[in-house]
Amino acid sequence: MSAKRTLHEGWTLTGDPAAPVAVDAVPATVPGAVHTDLLAAGLIADPYLDDAERGLAWIGRTDWTYRTAFDTPEGTWDGIDLAFDGLDTIARVTLNGTVLGETADMHRRHRFDARPALRPQGPNELEVAFTAPYTYAEAQRDRLGDRPNAYPEPGNFIRKAACDFGWDWGPNLAGAGIWREVRLETWRTARIDTVVPRATVQDGRGIVDLHVTVQKAADTDLELHCRIGEHETRAHLPAGADTAEVRLEVPDPDLWSPHGRGAQTLHPLDVTLTAAGGELDAWSTRIGFRTVELDTEPNDHGRPYTLKINGETVWIKGVNWIPDEALTHRVDPARIERRLRQALAAGVNYLRVWGGGIYESADFYRLCDELGLLVGQDFLFACAAYPEEEPFWSEVEAEARDNLARLAPHPSLVTWTGNNENLWGWHDWDWQAPLGDKTWGAGYYHDLLPKLVAEVDGTRPYWPGSPYSGTRELHPNEQAHASVHIWDVWNREDYTRYRDWKPRFVAEFGYQAPPTWSTVRRMVTDEPLAAETPAMLWHQKAEDGQAKLQRGLDAHLPPVRDFDDWLYFTQVNQARAIRLGLERFRALQPYCTGAIVWQLNDCWPVTSWAAIDGEERLKPLWYALKDAFAERIVTFQPDGEGLNMVVVNDSAEAWNGVIGFWKCNPEGRIIGRALVQMEIDARDTAVLELEPGAIPTDGQFLVTGREDFPRATWFTKEDKDMDWATARFTTETAVEGGEVKVTVTAETVLRDLCLFPDRLDPEAAVDKALITIVPGEQVTFTVTSEAIAASAELQKALTEKPVLRAIND
């Protein structure tokens, strides 16, 4: 029987003697990275704080060597392999002075035969020497000729996460390390190399076609035992053969369904390799039976982009996912689960794993399988022209094959996409002249990758790029055709411009805001704190980011008086922008079939487009997502000179009931009421044109009643132009265990009322935000915090500025 053991102990790290900081055999963590080892040794400052990142560029220009030792396995083995799940990136693996191999791709697994170099008795000295990523990438750039990149970095000349070299939301921490598990694996006679399960549903039967590859030490007959629950089959693998195709069938299986559409049924799949002498190796996973279709067939309105799971159209309520830590190895299963549960709680049903990061981990996909979150995985190309010459073509093919096989079992994975914005970049970003006749990646996106998806996977749809309009003859970001990215908003236009878009499917759109107060206070030590103090600006990576934030404030909100106002107003503006966009796109369904917000998460503390900041705290945007992604929503949408009430029912049940809304004057006094009887089928949308008398004018506004769906509002003026009364209200607090209930009763209109308990306790959380109420109405916030629950002083502070805020305070 084969055996595996991790080699994670006893590692040291040594740097090039010419580096600015002497690093000689400091303790190293594996899995890990150079930056965290240097931080643990006290040799660098925390790169996430203030502008410490600025002084760490030398790390990516230094060669590094990891070393450890291990004993020779006892017993007699036909195979003794060193298996690396992730080497970042340009590495030479040496055992006892013998070079076992070299690597040039952080995104795939590598395996080396250790037997020729093993000592009969240990210790065996293992060394992994990394060439500086800049050294390699710049040499390849010089050899092949430069190519356009949205950032002035050589990340398109190395198979390494593009965002390691910095992005408009992330730090440049390009370094090196053994970033995923490393193992010593021993086996006799033969071992299972890969198993690729292709699970489908045909005529009510669950079908799993297994492609099994084995590695043999001797030319001998073998048996494969393949089992799903009570259903099993055997396959003979004769001498001379090292691959097998095996089919398993399960009659009438329980299906895997997305969250809210049924159960997330997972079936254990086991493959055992045997010979005459008994069991040699075993492999196991869990699979789900479900069908996936991506309808992109042109119609009278252009080209749809409609995802169907088990034959049922799913309106995509999506978020873009980036690596959850800039130092990726620090992301453990518990952190992933917290993040995914936060996404699920916000009504999200789909995560797009963005192409400038990584192929996500087994833990990520396992949790998405269990939670019913759909995933679209980009191949790893982003915002740059990529060379197709060797060694890159072969590395990309090996990388794609490896990850297609590795991720094949996961029913949550439903689409593969060729790249992020590179087709768009070739059209619109002035690439063509500097490129001339040089390769730029088109061969990957249109030829190699679709061929590999069909060959290795065969069950999931592939789309050449995000955005892409379905044919090379069309502009790739044509809004009537398939997927689009909307970035005129934020970069140039006000967010009300979303109402002018009529997209079929939105794969990216976003708006910035700074992180939560507690995160800001940890990431910068500037005093006095202001929007444009040096460290705050260092943590704003977007081009003209502060100016764009200010433009948004100027268009919508009163002048800020201090940093507290700036923080609150920018966060509210972000939330309003994205909610407006999402409500517009949902109101267009079924013409529009989904929207993926940029972005769910951050990889460090930063001003960005994220809903959850780099220290895992919820920004107001998260609460806006929860409202806009609710199963049932009501939204007021302008239509020429008129106004429509659009009712969206994304639940499995018909929505039959009465919806009430009020017309109010600026003081919040109700001056008109309406009740509408609605009968809406499941997964359907209804549009009601409001009578002229129901439409507010000159400072008046509409609000729906306090129903079982998020309150809808319509304002005729921006807050900066509204004659709001200064906020007046009363508060009551009550402690219940480790929670504090804060009840606010409005005496005036309270616009986008928020409570920020993290100002009092960094661990505190609150259940709601962005609440608009009129005089006489109440809202109760639930604050979870043992510290606040134990302190009368902190409870009092919960009811005061800057913890409790309204736009008109």
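The values are calculated or read from the model by the stated rules, or taken from the named source; none is laboratory data. Here the structure is a predicted model, which means the values were calculated and not measured. Here the Cβ is made from the backbone with ideal geometry for all residues, glycine too, and neighbour counts use every protein chain on show. The accessibility values were calculated without ligands, DNA or RNA, using every heavy atom of the protein model including side chains. Shrake-Rupley method; radii C 1.70, N 1.55, O 1.52, S 1.80 Å.
For region 140-151, check the following and say yes or no: at least one residue is open to solvent by 30 Å² or more (accessible area, probe 1.4 Å), among the basic types (Lys, Arg) and not in a loop (DSSP other than H, G, I, E, B).
yes
When the residues of region 670-718 are narrowed to those that are assigned to a loop (DSSP other than H, G, I, E, B) and in contact with a helix residue (DSSP H, G or I) (Cβ under 6 Å, 6 or more places away or on another chain), which ends up most open to solvent (accessible area, probe 1.4 Å)?
Step one: of region 670-718, the residues assigned to a loop (DSSP other than H, G, I, E, B) are 681-683, 690-691, 695-700, 705-712, 716-718.
With in contact with a helix residue (DSSP H, G or I) (Cβ under 6 Å, 6 or more places away or on another chain) added as a condition, the list becomes 710, 718.
On the way: Pro710: 25, Glu718: 62 Å².
In this case the residue turns out to be Glu718.
Farther than 19 Å from Tyr134 by Cβ and modelled with pLDDT under 95: which single residue out of Pro27, Pro73, Pro31 fits that description? Give the steps one after another, and end with the answer.
Values: Pro27 fails: modelled with pLDDT under 95; Pro31 fails: modelled with pLDDT under 95.
Residue meeting the stated conditions: Pro73.
Give the residue, chosen from Leu760, Leu755, that is open to solvent by less than 10 Å² (accessible area, probe 1.4 Å) and under 34 Å from the mean Cα position of the chain (by Cα). Walk me through how you get there before you give the answer.
Values: Leu760 fails: open to solvent by less than 10 Å² (accessible area, probe 1.4 Å).
Only one candidate passes the filter, namely Leu755.
Among the numbered criteria (1) of a type outside the set (S, T, N, Q); (2) farther than 30 Å from Thr496 by Cβ; (3) open to solvent by less than 40 Å² (accessible area, probe 1.4 Å), which one does Leu750 miss?
Condition not satisfied by Leu750: (2).
For the condition touching a strand residue (DSSP E or B) at 6+ places or on another chain (Cβ under 7 Å), among the aliphatic types (A, V, I, L, M) and more than 25 Å from Ala674 (Cα to Cα), what is the one hit in Ala694, Ala792, Ala727, Ala787? Can you show your working first?
Numbers: Ala694 fails: more than 25 Å from Ala674 (Cα to Cα); Ala792 fails: touching a strand residue (DSSP E or B) at 6+ places or on another chain (Cβ under 7 Å); Ala787 fails: touching a strand residue (DSSP E or B) at 6+ places or on another chain (Cβ under 7 Å).
None of the other options fit; the residue is Ala727.
Could you list all residues from region 245-275 that are over 30 Å from Gly318 (Cα atoms), out of contact with any Cys (no Cβ under 9 Å at 6 or more places or on another chain) and either of a type in the set (Val, Ile, Thr) or open to solvent by less than 60 Å² (accessible area, probe 1.4 Å) (or both)?
Once the filter is applied, which keeps residues that are over 30 Å from Gly318 (Cα atoms), out of contact with any Cys (no Cβ under 9 Å at 6 or more places or on another chain) and either of a type in the set (Val, Ile, Thr) or open to solvent by less than 60 Å² (accessible area, probe 1.4 Å) (or both), region 245-275 yields Val250, Leu273, Thr274, Ala275.
Among Ala535, Ala555, Ala577, which is the only one that is more than 21 Å from Leu770 (Cβ to Cβ) and in a helix (DSSP H, G or I)?
Values: Ala555 fails: more than 21 Å from Leu770 (Cβ to Cβ); Ala577 fails: more than 21 Å from Leu770 (Cβ to Cβ).
Every option except Ala535 fails the conditions.
Quick one: in region 763-789, of everything that is over 32 Å from the mean Cα position of the chain (by Cα) and touching a residue at least 60 places away in the same chain (Cβ under 8 Å), which residue is farthest from Glu616 (Cα to Cα)?
Ranking the qualifying residues of region 763-789, first place goes to Pro775.
Of all residues being basic (Lys, Arg) and either surrounded by 17 or more Cβ atoms within 10 Å (Cβ to Cβ) or in contact (Cβ under 8 Å) with a residue 60 or more places away in the chain (or both) in region 288-308, which is farthest from His410 (Cα to Cα)? Just the residue, please. If you could, list the steps in order and put the result at the bottom.
Keep residues of region 288-308 that are basic (Lys, Arg), which gives 290, 303, 308.
From the residues that got through so far, the ones that are either surrounded by 17 or more Cβ atoms within 10 Å (Cβ to Cβ) or in contact (Cβ under 8 Å) with a residue 60 or more places away in the chain (or both) too are 290, 303.
Values: Arg290: 11, Arg303: 28 Å.
The residue in question is Arg303.
Among the residues of region 481-500, what is the count of those that are under 18 Å from Gln589 (Cβ atoms) and open to solvent by less than 20 Å² (accessible area, probe 1.4 Å)?
Within region 481-500, the first condition is being under 18 Å from Gln589 (Cβ atoms), and the residues that meet it are 481-484, 486, 498-500.
With the extra rule that they be open to solvent by less than 20 Å² (accessible area, probe 1.4 Å), the set shrinks to 482-484, 486, 498.
So the count comes out to 5.
Among the listed residues Ala137, Ala117, Ala83, identify the single one that is closer than 16 Å to Ile158 by Cα and small (Gly, Ala, Ser).
Details: Ala117 fails: closer than 16 Å to Ile158 by Cα; Ala83 fails: closer than 16 Å to Ile158 by Cα.
None of the other options fit; the residue is Ala137.
Considering only residues that are modelled with pLDDT of 95 or more, open to solvent by less than 30 Å² (accessible area, probe 1.4 Å) and not acidic (Asp, Glu), which ones fall in region 276-287? I'd like the intermediate steps shown before the answer.
Filtering region 276-287 for residues modelled with pLDDT of 95 or more gives 279-287.
Now narrow it down to the ones that are open to solvent by less than 30 Å² (accessible area, probe 1.4 Å): 280-281, 287.
Passing the criteria: Leu280, Ile287.
Quick check on region 205-215. Is at least one of its residues of a type outside the set (A, V, I, L, M), crowded, with 16+ Cβ neighbours inside 10 Å, under 33 Å from the mean Cα position of the chain (by Cα) and closer than 15 Å to Trp283 by Cα?
yes
Exactly one of (1) assigned to a strand (DSSP E or B); (2) open to solvent by 10 Å² or more (accessible area, probe 1.4 Å); (3) farther than 27 Å from Ile192 by Cα is unmet by Asp46. Its number?
Failed condition: (1).
Residue-by-condition table, conditions (1) open to solvent by 20 Å² or more (accessible area, probe 1.4 Å); (2) assigned to a loop (DSSP other than H, G, I, E, B); (3) modelled with pLDDT under 95:
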site: Tyr591; (1), (2), (3): yes, yes, no
site: Asn601; (1), (2), (3): no, yes, no
site: Glu616; (1), (2), (3): yes, yes, no
site: Lys626; (1), (2), (3): yes, no, no
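With the condition kept exactly as written, say whether any residue in region 60-79 is out of contact with any strand residue (DSSP E or B) (no Cβ under 7 Å at 6 or more places or on another chain) and open to solvent by less than 10 Å² (accessible area, probe 1.4 Å).
Taking every residue of region 60-79 in turn, at least one turns out to be out of contact with any strand residue (DSSP E or B) (no Cβ under 7 Å at 6 or more places or on another chain) and open to solvent by less than 10 Å² (accessible area, probe 1.4 Å).
Which residue pairs have Cβ atoms under 6 Å apart, sit 6 or more places apart or on different chains, and have a first residue in region 564-588 that is modelled with pLDDT of 95 or more and a second that is among the charged types (D, E, K, R) and assigned to a helix (DSSP H, G or I)?
Cβ pairs passing all conditions: Arg584/Arg499.
Would you check which residues across region 310-341 are among the basic types (Lys, Arg) and either part of a helix (DSSP H, G or I) or at pLDDT below 95 (or both) and list them? So that I can check it myself, show each step before the final result.
Filtering region 310-341 for residues among the basic types (Lys, Arg) gives 317, 330, 335, 338-339, 341.
Correct list: Arg330, Arg335, Arg338, Arg339, Arg341.
Find all pairs meeting these conditions: Cβ atoms under 6 angstrom apart; at least six residues apart or on different chains; first residue within region 489-507 and part of a strand (DSSP E or B); second residue of a type in the set (Phe, Trp, Tyr).
So the pair list comes out as Phe505/Tyr305; Val506/Phe585.
How many residues are under 14 Å from Gln574 (Cα atoms), touching a Phe, Trp or Tyr at 6+ places or on another chain (Cβ under 7 Å) and of a type in the set (Val, Ile, Thr) when one looks only at region 598-621? Lay out the reasoning, then the answer.
Residues of region 598-621 under 14 Å from Gln574 (Cα atoms): 598-600, 607-613, 618-621.
Those left that are additionally touching a Phe, Trp or Tyr at 6+ places or on another chain (Cβ under 7 Å): 598-600, 608-609, 611-612.
Imposing the further condition that a residue be of a type in the set (Val, Ile, Thr) reduces the set to 612.
Qualifying residue count for the region: 1.
Can you work out which of the residues in region 324-337 that are under 14 Å from the mean Cα position of the chain (by Cα) and open to solvent by 10 Å² or more (accessible area, probe 1.4 Å) is nearest to Thr685 (Cα to Cα)? Reasoning before the result, please.
At the first step, the residues of region 324-337 found to be under 14 Å from the mean Cα position of the chain (by Cα) are 324-326, 328, 331, 335-337.
If we keep only those that are open to solvent by 10 Å² or more (accessible area, probe 1.4 Å) too, we end up with 325-326, 328, 331, 335, 337.
Numbers: Glu325: 39, Ala326: 41, Thr328: 41, Val331: 40, Arg335: 37, Glu337: 33 Å.
Restricting to residues being under 14 Å from the mean Cα position of the chain (by Cα) and open to solvent by 10 Å² or more (accessible area, probe 1.4 Å), the top hit is Glu337.
Which condition from (1) over 30 Å from Ser483 (Cβ atoms); (2) free of Cβ contacts under 8 Å to residues at least 40 places away in the same chain; (3) out of contact with any His (no Cβ under 7 Å at 6 or more places or on another chain) is the one that Gly229 breaks?
Against the list (1) over 30 Å from Ser483 (Cβ atoms); (2) free of Cβ contacts under 8 Å to residues at least 40 places away in the same chain; (3) out of contact with any His (no Cβ under 7 Å at 6 or more places or on another chain), Gly229 comes up short only on (3).
In the list Gly441, Gly418, Gly458, Gly425, which residue meets the criterion of being closer than 30 Å to Gln264 by Cβ and crowded, with 18+ Cβ neighbours inside 10 Å?
On the way: Gly441 fails: closer than 30 Å to Gln264 by Cβ; Gly458 fails: crowded, with 18+ Cβ neighbours inside 10 Å; Gly425 fails: closer than 30 Å to Gln264 by Cβ.
Step by step, each of Gly441, Gly418, Gly458, Gly425 is checked, and only Gly418 is closer than 30 Å to Gln264 by Cβ and crowded, with 18+ Cβ neighbours inside 10 Å.
Answer yes or no as to whether Ala547 is at pLDDT 95 or above, within 30 Å of the chain's Cα centre (by Cα) and crowded, with 18+ Cβ neighbours inside 10 Å. Write out each step before concluding.
Numbers: at pLDDT 95 or above: yes; within 30 Å of the chain's Cα centre (by Cα): yes; crowded, with 18+ Cβ neighbours inside 10 Å: no.
When the stated conditions are applied, Ala547 does not pass them.
Taking the conditions exactly as written (crowded, with 23+ Cβ neighbours inside 10 Å and over 20 Å from the mean Cα position of the chain (by Cα)), does Val396 satisfy them or not?
So Val396 fits the description; yes.
Among the residues that make up region 235-247, is at least one of them free of Cβ contacts under 8 Å to residues at least 60 places away in the same chain and farther than 20 Å from Ala190 by Cα?
yes
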